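The values are calculated or read from the model by the stated rules, or taken from the named source; none is laboratory data. Please read all numbers here as calculations on a predicted model, not as lab measurements. Glycine also receives a Cβ, built like all others from the backbone with ideal geometry; neighbour counts cover every protein chain displayed. Areas reflect the complete protein model, heavy atoms only, side chains present, ligands, DNA and RNA absent. Shrake-Rupley method; radii C 1.70, N 1.55, O 1.52, S 1.80 Å.
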Amino acid sequence: MPVNTSEVSPAPSLFSPVSLGKIELANRIVMAPLTRVRAGSSGIPGDLMVEYYRQRASAGMIITEGTYPDHASQGYVGEPGIATDEQAAGWQRVFEAVHAEGGRIVLQIMHAGRGTHPDINGGRRILAPSAIAIDNKTFTEKGEQPYPIPEAMTTAEIRAAVEDFVTAARRAIEAGADGVEIHGANGYLLQEFLSPAANQRTDGYGGSPHNRARFVVEVVTAVTQAVGAERVGLRISPEVDLGDVFETDRDDVLATYGTLLDQLRPLGLAYLSVLHAEPGGDLVQELRRRFDGKLIVNSGPFGGQTTREQALQQIEAGHADAVAVGRALIANPDLVERWQGGHPENEPRPELFYGPDAEGYTDYPFLEAA
Ligand SMILES: Cc1cc2nc3c(=O)[nH]c(=O)nc-3n(C[C@H](O)[C@H](O)[C@H](O)COP(=O)(O)O)c2cc1C
């Protein structure tokens, strides 16, 4: 009778190494992708961003902030891009700094879809699966404004968006990234396609769960063909209600994400990252079975930031292979050392999460100076 070794071997520790595809992590604390809007109007990472990521290189792996693959897909003023060679050269400096400290870093490619505004993306068109606006406001260069009604993408525009992801991924890998993470979460373009509320298309990209998953399958497949599946991760956030995706029907969620992961499973991605309130719950663990690869979890902004106890528990309970940690790593560049030694932590300053300069960015003290 075959022995199920996952039931008999001791659970790994949060501080033990793990491999995600080709990426070897010294520990299982992964820096979650965190938009910090310090790239100016050029979208080119500069010295400040190099320093910020270098400081956090002791995390098992850093996932960069969401980065736009082409200018029209920029979702925030001050967001970095990977749309040009100059932006890639800026990222190269970041990757080199992290590698010099022994760290690992993957670039999150984020297409904002309808989650942007002409006063953010330089007056370019706003594209989405359907012409339905988010019922909310966003911060633009001219202050807070309602989200605009986007244009429903044509089939040619869908193909072009897939190509933009591929070009961005190639640029990132050529610039020295250990991998890329495709942002399929938090209500941006990919999740807009998955959502029955944001996607009301009547062609092959809308309607059934299989059709709504099609665009994400195409993006992930094309990127893996370009740079190798073992360097590609995907982030999803089923049931997380950001950007009016309204994934409220559990059966539909399971059908949509289930068919998505059934189709991605044969690719052999480096990892799947899931943002959900209950990482150990039925939905996430069923999706993990369907994916059949390495899982990173993050319980999201529900009930406060990720704590040491939560992270330890999620690994020791075997709910995931690694934990994405956001705000605690903003405030503690040396979080791994602090959590390993049970040391006190700096408190994050949320009013400075999105800001222009070093304050609340690179000035959080390290342990010896705290
Ligand atoms: C300031 C800030 C910026 C964020 N930017 C991104 C982003 O660019 N991409 C993304 O996938 N998630 C983003 N998130 C979500 C985080 O990755 C993470 O899921 C969230 O902070 C909850 O984890 P925590 O409790 O450990 O902070 C952001 C969160 C915060 C607080």
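So that you can scan it fast, the table gives a plain yes or no per residue for (1) of a type in the set (Val, Ile, Thr); (2) closer than 29 Å to Glu174 by Cβ; (3) not in a loop (DSSP other than H, G, I, E, B):
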position: Asn186; (1), (2), (3): no, yes, no
position: Phe193; (1), (2), (3): no, yes, yes
position: Gly207; (1), (2), (3): no, no, no
position: Arg214; (1), (2), (3): no, yes, yes
position: Asp241; (1), (2), (3): no, no, no
position: Asp252; (1), (2), (3): no, no, yes
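Taken as a whole, the structure leaves Gln108 outside the set of residues that are more than 22 Å from Leu34 (Cα to Cα), part of a strand (DSSP E or B) and either basic (Lys, Arg) or open to solvent by less than 50 Å² (accessible area, probe 1.4 Å) (or both). All conditions in (1) under 21 Å from Ile63 (Cα atoms); (2) away from the ligand (no atom under 16 Å from the Cβ); (3) not in a loop (DSSP other than H, G, I, E, B) hold for Pro266, with the sole exception of (1).
Which residue pairs have Cβ atoms closer than 9 Å, lie 6 or more positions apart in sequence or on different chains, and pair a first residue in the stretch 156-182 that is free of Cβ contacts under 8 Å to residues at least 24 places away in the same chain with a second residue that is outside any loop (DSSP other than H, G, I, E, B) and surrounded by fewer than 24 Cβ atoms within 10 Å (Cβ to Cβ)? From residues that are free of Cβ contacts under 8 Å to residues at least 24 places away in the same chain, the pairs are Arg159/Glu218. Before we move on, is Ile134 assigned to a loop (DSSP other than H, G, I, E, B) and out of contact with any Leu (no Cβ under 7 Å at 6 or more places or on another chain)? It is true that Ile134 is assigned to a loop (DSSP other than H, G, I, E, B) and out of contact with any Leu (no Cβ under 7 Å at 6 or more places or on another chain).
Assess whether Glu79 counts as being of a type in the set (Asp, Glu) and either part of a helix (DSSP H, G or I) or within 19 Å of Asn332 (Cβ to Cβ) (or both). For Glu79, the condition - of a type in the set (Asp, Glu) and either part of a helix (DSSP H, G or I) or within 19 Å of Asn332 (Cβ to Cβ) (or both) - is not met. Out of Asp282, Asp357, Asp334, I need the residue that is open to solvent by 50 Å² or more (accessible area, probe 1.4 Å), in contact (Cβ under 8 Å) with a residue 40 or more places away in the chain and either in contact with a helix residue (DSSP H, G or I) (Cβ under 9 Å, 6 or more places away or on another chain) or not basic (Lys, Arg) (or both). Which one? Criteria check complete, one pass: Asp357. For first residues located in the stretch 58-76 and open to solvent by 10 Å² or more (accessible area, probe 1.4 Å) and within 13 Å of the ligand (Cβ to nearest atom), partners that are at pLDDT 95 or above and outside any loop (DSSP other than H, G, I, E, B) and lie 6+ apart or on another chain with Cβ distances below 6 Å form the pairs Gln74/Tyr68.
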